[in-house]
1. To the nearest 10 degrees, how steep is helix 66-85 against the longest Cα principal axis of the chain, on a 0 to 90 scale?
2. Taking only C-alpha pairs under 8 Å that are 6+ residues apart, what is the relative contact order of the chain in percent?
3. Taking the Cα of I16, stepping 7 Å toward and past its beta carbon, and measuring to each backbone N in segment 28-68: which are under 14 Å?
4. Over the Cα atoms of segment 1-79, each weighted equally, I'd like the Debye log10 I(q)/I(0) at q = 0.14, 0.15, 0.22, 0.26 Å⁻¹, rounded to two decimals.
5. Can you give the extra length, in nm with one decimal, that the chain gains between A71 and M1 once fully stretched, where that is 0.36 nm per residue apart less the Cα-Cα distance?
6. Please get the size of the charge dipole for the chain, origin at its Cα centre, with Cβ charges of +1 on Lys and Arg and -1 on Asp and Glu, quoted in debye to the nearest 20.
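Nothing in this text is a laboratory measurement; each read-out follows from the coordinates by a stated rule. Just so it is clear, the model here is predicted, and its values are computed rather than measured. Positions of Cβ are backbone-derived with ideal geometry, glycine not excepted, and every protein chain shown enters the neighbour counts.
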Amino acid sequence: MLRPGLTGTVESYARIRVPFRVEAVDGVLRTWSWRVRLGPVRVRLHHCVRAREHGSETSLTMRGPMLVLAAYAPLARLALGRLVRS
């Protein structure tokens, strides 16, 4: 179950393994925030999933080094699209 303090490792498409820590979860609002860290690089992510009349809508806010975010954004878009279609 997703909960604050949960830690683990996420693996990228390039097989890069990065540790994560969940910082906040709101089950009512269906939001969660987490951070990943690889060496000195830190990225914070905030997700939200909202019910819509004919499905779901999701959003993602990211904070971190611009080059890392630019590289991750297309992968995040793909993953979130798959999440909403599931």
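1. 30 degrees
2. Relative contact order, the chain: 17 percent.
3. 36-44, 64-68
4. Treating every Cα as an identical point scatterer, log10 I(q)/I(0) equals -0.50, -0.57, -1.15, -1.41.
5. 22.4 nm
6. 200 debye
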